[in-house]
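The values are calculated or read from the model by the stated rules, or taken from the named source; none is laboratory data. Please read these numbers as outputs of a predicted model, since none were measured by experiment. Methodologically, a virtual Cβ is constructed for each residue, glycine included, from the backbone with ideal geometry; neighbour enumeration extends over all protein chains shown. Keep in mind that these areas ignore ligands, DNA and RNA; they rest on the heavy atoms of the full protein, side chains included. Shrake-Rupley method; radii C 1.70, N 1.55, O 1.52, S 1.80 Å.
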Amino acid sequence: MKTIFLKELKLNLKQFIIWTVTVGLMGFACILLFRSMEGEMKDMADAFSNMGAFSEAFGMATLSVATIEGFFATEVGTLHGIGGGMFAAILAIGIIAKEEERHSGEFLLSLPVSRTKVVAAKGLCVLALLVLFAAVCTGIYLAGFAILGEEVSYKEFFIYMGSGLLMNIEIASICFLISSLTGRVNIGAGLGLTLVLYTYDIIGRVVPDLKDYIFVGPYSYANASEIFSGNEANIKGFILAVIIMASCICGAFFCYQRRDLAS
Amino acid sequence: MENAVEITNLTKSYGKNRGVIDVSLKVKTGDIFGFIGPNGAGKSTTIRSMLGFLKYDEGSIKILGMDSVKDHEKILKEVGYMPSEAWFYDSMKVSEVIKYAADVRGLDCSAEAEKLCKKLKLDTSKKIKQLSLGNRKKVSIVCAMQHRPKLFIFDEPTSGLDPLIQKNFFELINEYVSEGATCILSTHVLSEVNRYCKNAAIMREGRLTMLESADIDEDKFLKFYEDEEEQ
């Protein structure tokens, strides 16, 4: 199992580097832009905070974009949330299915290793890469704050990065289940799922009738603006996330164990 | 152990489509067993059921005295399988794929792998994506043989190989079989069955028939295929 895990890490390393560098550096650039935009942001902050439902949806009603925390939450928070979700989806939706699509499944499963161990090794690889992604991005963002000489509330910052990791794992677990069910790498479905979940969260925050149901989506508990505003943790969202993750991961083991392998 | 493989009343269907129907087969230990039949007759379905790639509907399969479902992992330790289409991970080098297969088995097969690569004239420094079908097949042969398994299962192994490598391949099989291994050879090549196999069976439309002898003449061999078309 260790051999398969290490091989998967190696095979996915390029993808990991591309996404981490892209999301991390874009976030880093955004943070560095704060200083040059600070003056303009002060003028814009009042306007942004008076846009009704949209201000609330993007957290600008309670956080000022003229502060580093507000700027980070609204700009980098959005970028990291969508970028991380897409990376998690792309990584997980292909990790099992690629064996059949690229016809390497017969080679892999003719080796003395059970399907359970194959799924476990691949699942651990996804988890490891998502943790690394979060860790590297955290380091890059902290470096950005240090260069700017700005202090942020580290407690909220780490809660946000941790919630973001959990959100990525939830999206990945859904895609992992899809990957175990199909013999095709459906990247479009993974990206679509991420965007649908993100859009659902935004709509849920704009439309008053949907507010009670926002917790269903993973972006509900990984919203940077809410976390930096010091709002109460979204316990319902966390509980549901754990249930979804556990169900999808168990489902992936169950389904892959029972299906015929395409040649 | 008298029989390396014992299949009893194996039935597998793909939804409404026929796979194999009530297949029973015994392959003696030390045999080189020819498995012939038209495309889509059910040869690969039988082999893939033996290896656990397919979940069969009815029947039982015993390999090397072990149950193919319960002892799946143990069986694969003793089996070397070469699929008809040899696919690996494109970005890996040949040497990495061969070592990877040995590592998953928890074995150091470097000496045997080196011997096999030399015999098959395989350049291990190339990446998989640079290889022709024939060279990918060589990689597959090395991965199937390097751990010196007790049972070989080859699905159309020689397609894409040049005549010299084909000859070397069969020399290797004879060498392993002389040391006690068993070999199942699924093929469309009559000369391979005649020259190397001790026993043979034919599959047609999902059903298996044992042949009295592996020594078949060309007319009889082609008739197996013609009969299929006439029906």
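Worth pointing out:
- Reported count of residues in segment B:120-173, each being part of a loop (DSSP other than H, G, I, E, B) and touching a Gly at 6+ places or on another chain (Cβ under 6 Å), is 3.
- Extreme residue, nearest to the other protein chains (Cβ to nearest Cβ), among residues of segment B:62-119 that are in a loop (DSSP other than H, G, I, E, B) and among the aromatic types (Phe, Trp, Tyr): B:Trp87
- Screening B:Asn199 on (1) open to solvent by 40 Å² or more (accessible area, probe 1.4 Å); (2) out of contact with any Lys or Arg (no Cβ under 9 Å at 6 or more places or on another chain) shows it passes everything except condition (2).
- Checked against (1) at pLDDT 90 or above; (2) surrounded by fewer than 24 Cβ atoms within 10 Å (Cβ to Cβ); (3) within 14 Å of chain A (Cβ to nearest Cβ); (4) within 29 Å of B:Glu179 (Cβ to Cβ), B:Leu25 meets all criteria but (3).
- Residue list for segment B:1-16, restricted to those being part of a strand (DSSP E or B) and either away from chain A (no Cβ under 12 Å) or surrounded by 15 or more Cβ atoms within 10 Å (Cβ to Cβ) (or both): B:Asn3, B:Ala4, B:Val5, B:Glu6, B:Ile7, B:Thr8, B:Asn9, B:Leu10, B:Thr11, B:Lys12, B:Ser13
- Residues satisfying the stated conditions in segment A:96-145, i.e. under 30 Å from A:Phe158 (Cβ atoms), of a type in the set (A, V, I, L, M) and in contact with an Asp or Glu (Cβ under 7 Å, 6 or more places away or on another chain): A:Ala121
- Assessment of segment B:34-52 against the conditions (open to solvent by less than 10 Å² (accessible area, probe 1.4 Å), within 12 Å of chain A (Cβ to nearest Cβ), in a loop (DSSP other than H, G, I, E, B) and out of contact with any His (no Cβ under 6 Å at 6 or more places or on another chain)) yields at least one matching residue.
- Exactly one residue out of A:Lys155, A:Lys122 is more than 13 Å from chain B (Cβ to nearest Cβ), crowded, with 21+ Cβ neighbours inside 10 Å, among the basic types (Lys, Arg) and more than 12 Å from the chain's Cα centre (by Cα), and it is A:Lys122.
- Pairs with Cβ under 6 Å, 6+ apart, first in segment B:158-183 and closer than 19 Å to B:Asn194 by Cα, second at pLDDT 95 or above and aromatic (Phe, Trp, Tyr): B:Cys183/B:Phe152
- Looking only at segment A:163-194, residues that are open to solvent by 40 Å² or more (accessible area, probe 1.4 Å) and either touching an Asp or Glu at 6+ places or on another chain (Cβ under 6 Å) or free of Cβ contacts under 8 Å to residues at least 24 places away in the same chain (or both) come to 2 in all.
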